[in-house]
1. Among residues belonging to the range 22-54 that are out of contact with any Ser or Thr (no Cβ under 7 Å at 6 or more places or on another chain), in contact (Cβ under 8 Å) with a residue 40 or more places away in the chain and among the aliphatic types (A, V, I, L, M), point out the one that is surrounded by the fewest Cβ atoms within 10 Å (Cβ to Cβ).
2. Is there a residue in the range 235-244 that is under 18 Å from ALA210 (Cα atoms), out of contact with any Asp or Glu (no Cβ under 9 Å at 6 or more places or on another chain), part of a helix (DSSP H, G or I) and without any contact (Cβ under 8 Å) to a residue 60 or more places away in the chain?
3. Quickly run through the range 335-357 and pick out the residues that are closer than 19 Å to ASN322 by Cα and acidic (Asp, Glu).
4. Condition test on TYR255, is it assigned to a helix (DSSP H, G or I) and crowded, with 21+ Cβ neighbours inside 10 Å?
5. Name the one entry in LEU183, LEU209, LEU166 that is surrounded by fewer than 19 Cβ atoms within 10 Å (Cβ to Cβ) and within 24 Å of HIS142 (Cα to Cα).
6. When you check TYR122 against the structure, is it farther than 21 Å from ARG59 by Cα, crowded, with 18+ Cβ neighbours inside 10 Å, aromatic (Phe, Trp, Tyr) and touching a helix residue (DSSP H, G or I) at 6+ places or on another chain (Cβ under 7 Å), yes or no?
7. Can you tell me which of TYR223, TYR160, TYR175, TYR190 is part of a helix (DSSP H, G or I), of a type in the set (Phe, Trp, Tyr), at pLDDT below 95 and out of contact with any Ser or Thr (no Cβ under 8 Å at 6 or more places or on another chain)?
8. Scan the range 303-344 residue by residue and report those that are of a type in the set (Ser, Thr, Tyr) and under 23 Å from LYS153 (Cα atoms).
Amino acid sequence: MEQLIPSSKVGVKIHEWYKMVRQFSVPDAEVLKSEVEKEIHEMEKDQDLLLYYQLMCFRHQLMLDYLEPTEERKNRPSIEELLHQIEEPRENLNGLLQYYSFFFRGMYEFEQKQYISAIQFYRNAEKQLSYVPDVIEKAEFHFKIAEVYYNMKQNHVSMYHILRALKIYKNHELYTVRRIQCLFIIAGNYDDFKCHDKALPHLNSALELAKQQKNQRLISSAYFNLADCYDCMADVDTAVKYAEKAVKINIEEKYDNLPHSLYFYTHLLFKQKNDRYAVEMLQTSLEIAKKYDDPLHTSLLEYLKALYLYSLNKNLILKIFNYLEDNNILSYLEEFSLEVSNHYLKREDHKNSNEFLYKMIYAQTQIKKGDCLYEY
């Protein structure tokens, strides 16, 4: 009679697989995943471990979707298919598996730009955090929740969590990628605090680390974030140079953040008054956003058309603002309201300028109220 593999042995291998996923070590993760898939069929029956395996397949896929070009995903199961497998049995999970279930689902919701939903799942995961013995996993939690709070403009909360995460990652040399990503979030928070001089050193350090890692995605992100910082400092020419470098890498590597970098680059070109090239990039950006089925960046590009090509088409601008507000994407609403107000001010149209200034204040107020949305 053939002897079954102990489930505890497979469980250890799944944990090793997850460590490689967290380190973004794709080759090692793929090897371990393949070994686990073979052993899972020769293992003694253990429903909890099977669910643990399904959760790690889901997390593995999230890693690949972040790192790999969209076109390389065609022959893999979709995130939605994997999500369906882990949603059904959630009520019967123990503490650690329930943590992973909520945590990974929060990561998925974040990637879909559903920030309120992501925070709700992260908060549910936080209730199970006491079951997590792994210090790196706790760093992962603090990193991911800092990431979503940063995108929701809850900067003080984001900074609290990201500094806790970075303190742990600094003591583990295999997590350089996460250290770089922490530096991005710290710099982004400083930018939101209007402390751009404090943001730049973190971004330059991140760029240097990314180059040492020869990680094209992170090099691209460093260029993008440097462009954003210089834009905040009103140095548009320098911002354009860095944004162009980011776009070039994203086009070559076919990364899924290409719509975002193209939108930002196009916006900078309009600010630079390089109108002819800006119009050309706008058309390219719209085609890419639609190809990637990205409604947010399609809307942002429509905003650029309304502002710069249609010479302040107020009805279209308000339609886009309604979309941003309905989806709680208040950071863009705040930024765009001020921009539109300033455009009207240049025309000495004080009535419309004041109207959009009030919209900016409204967006800022809603952002400050944000904590009320995330109650347990």
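The values are calculated or read from the model by the stated rules, or taken from the named source; none is laboratory data. This structure is a prediction, so every number in the text was calculated from the model and none was measured. Please note: Cβ atoms are built from the backbone with ideal geometry, for glycine as well, and neighbour counts cover all protein chains shown.
1. Among residues in the range 22-54 that are out of contact with any Ser or Thr (no Cβ under 7 Å at 6 or more places or on another chain), in contact (Cβ under 8 Å) with a residue 40 or more places away in the chain and among the aliphatic types (A, V, I, L, M), the one surrounded by the fewest Cβ atoms within 10 Å (Cβ to Cβ) is VAL26.
2. Yes, that holds for at least one residue.
3. Correct list: GLU335, GLU339, GLU355.
4. No: the conditions fail for TYR255.
5. Unique residue meeting the criteria: LEU209.
6. Against the criterion (farther than 21 Å from ARG59 by Cα, crowded, with 18+ Cβ neighbours inside 10 Å, aromatic (Phe, Trp, Tyr) and touching a helix residue (DSSP H, G or I) at 6+ places or on another chain (Cβ under 7 Å)), TYR122 does not qualify.
7. Values: TYR223 fails: at pLDDT below 95; TYR160 fails: at pLDDT below 95; TYR190 fails: at pLDDT below 95.
From the options TYR223, TYR160, TYR175, TYR190, the qualifying one is TYR175.
8. Matches in the range 303-344: TYR303, TYR323, SER331, TYR332, SER337, SER341.
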